[in-house]
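Supplied in structure tokens, the structure appears directly below.
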Amino acid sequence: KEPPYRPPKDWVYNTSSGPMEGKINVHLVPHTHDDTGWQVTVDQYFFTNVYYILDNVVRRLHEDPNRRFMYVETGFFKRWWDQQPESIKNMTRRVVQGGQLEFINGGWCMHDEASPYYVEMVDQTT
């Protein structure tokens, strides 16, 4: 049986064009949902996951102006930011000013989308 999709023969994807008529157009929106102390402590989560996510995202955005990323948890971002040298802060400022790194939701952490009532969502972002 034939697979429903075949990758390009050279494995190079055209990521610079717009939507194509007759094709399924997929838009990937990379973003975070780093829980602030859900299954491990905030410190454990920060040092085993979040710190490295931000380090890599900022560098990769700087390397490729076509990339975009949305960051949600300003609590973790502030902690990471406070530990960065001025050179990384400047790099981060450039990708923010260039629209590559965007902060969304406006909360210290992302609210739980499974919250059944808006009051819970407000409580988690204020």
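Restricting attention to the range 58-75, which residues are open to solvent by less than 80 Å² (accessible area, probe 1.4 Å) and either farther than 19 Å from residue 106 by Cβ or touching a Ser or Thr at 6+ places or on another chain (Cβ under 7 Å) (or both)?
Once the filter is applied, which keeps residues that are open to solvent by less than 80 Å² (accessible area, probe 1.4 Å) and either farther than 19 Å from residue 106 by Cβ or touching a Ser or Thr at 6+ places or on another chain (Cβ under 7 Å) (or both), the range 58-75 yields 58, 61, 64, 71, 72, 73, 75.
Another question, then. Quick check on the range 96-118: of everything there that is at pLDDT 80 or above and surrounded by 12 or more Cβ atoms within 10 Å (Cβ to Cβ), which residue is farthest from residue 78 (Cα to Cα)?
98
Tell me, which residue of the range 68-95 that is of a type in the set (Val, Ile, Thr) and either assigned to a helix (DSSP H, G or I) or more than 18 Å from residue 51 (Cβ to Cβ) (or both) is modelled with the lowest pLDDT?
74
In the list 41, 48, 32, which residue meets the criterion of being closer than 22 Å to residue 66 by Cα, modelled with pLDDT of 80 or more and among the hydroxyl-bearing types (Ser, Thr, Tyr)?
32
The values are calculated or read from the model by the stated rules, or taken from the named source; none is laboratory data. Not measured: the values here are computed from a predicted model. Note that each Cβ is placed from the backbone with ideal geometry, even for glycine, and that neighbours are counted across all protein chains shown. Keep in mind that these areas ignore ligands, DNA and RNA; they rest on the heavy atoms of the full protein, side chains included. Shrake-Rupley method; radii C 1.70, N 1.55, O 1.52, S 1.80 Å.
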